[in-house]
Structure formats: C-alpha cells, structure tokens
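To start, the structure under review is shown below, and the notes come after it.
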Amino acid sequence: MKIRLRGNSIRYRLDKNDVELLKATNKVESSTHIGAGILHFCIKRKEISDPVIKLEADGVHLFLPEEQIDNWLLPEQVGFEIIIPNTDGTEVKILVEKDFKCLNTRDEDDSQSFDHPNSGQNC
C-alpha cells in the first residue's frame with residue numbers, strides 16, 4: 001500500500017496483493033519503521049454506515065463501510081473520495097485508489113500494480 005500525505009488529505013493506493021488481502025481478511029495495512037518507532041496505516045472493511053478515521057498511538061486507522069469497499073472492488077471502479085469532519089471543525093480528505101502501473105519506466109517494482117487504462121495509447 002502506498003500512502004501520500006499532503007495537508008489535510010491522505011491518499012491510499014492499493015496494488016493487487018493489497019486488494020486481495022482486503023477481500024480475504026477485511027483489512028490491509030502498512031508500516032514504516034522510523035528510528036525506534038513504527039508508523040502504521042490500516043484500512044478495515046466494517047459493518048458501519050459512515051467512514052471513520054482515527055489517529056491512535058500506533059498509527060492511522062481508516063474504517064470503511066462494507067458496501068463502499070464492495071463497490072470499489074468491482075473491476076471498473078478505480079477509486080473513491082470521502083471527506084471526514086474532524087472534531088476541531090476542519091476536514092480530512094481521503095482518496096482510496098487502485099495502484100496502476102506507471103506509463104514511464106521507473107526504478108520501482110510495479111509487478112503487482114493494475115494495468116494502466118492508458119497503457120495501449122501513446123500519451
């Protein structure tokens with residue numbers, strides 16, 4: 001899972017392995033070791049009506065409604081955006097996407113990424 005933070009937004013990009021894990025276990029997670037600590041991100045499929053995000057001691061936990069995840073898992077669905085209000089009156093924007101292979105060659109393993117929809121075109 002790739003995570004991008006920018007201001008009050010978090011972008012999650014899941015490859016094929018991440019999507020399969022989410023289907024099988026209702027959860028996908030990623031951790032980064034920083035010094036003696038670990039920064040942890042987790043997406044969980046839950047029986048809830050509205051998305052919830054929590055900042056806890058061990059990281060960021062995003063809980064998404066089952067129906068929203070099930071719709072996103074359809075092959076033609078690329079991603080979705082949600083906005084969750086914070087207790088201080090601000091909002092956090094969440095974007096969850098399938099991770100596509102890069103159109104340009106890069107020094108990155110994208111063997112588990114989804115085929116890019118524009119890969120057959122010259123762009």
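Coordinate-derived values only; no laboratory data. Model, not experiment: these values are computed from the prediction. Positions of Cβ are backbone-derived with ideal geometry, glycine not excepted, and every protein chain shown enters the neighbour counts.
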Per 0.36 nm of contour for each residue apart, how much would the distance between ILE84 and LYS54 grow if the chain were fully extended, relative to their Cα-Cα spacing? 9.7 nm
Residues ARG4 and THR25, FRET efficiency given R0 of 22 Å [Cβ-Cβ distance, rounded to 0.05]: 0.40
By how many nm would the segment from ARG11 to GLU76 grow when fully extended, if each residue of separation counts as 0.36 nm and the alpha-carbon distance is taken off? 21.5 nm
Number of Lys pairs (Cα under 18 Å; 8 or more positions apart or on different chains) in segment 2-98: 21
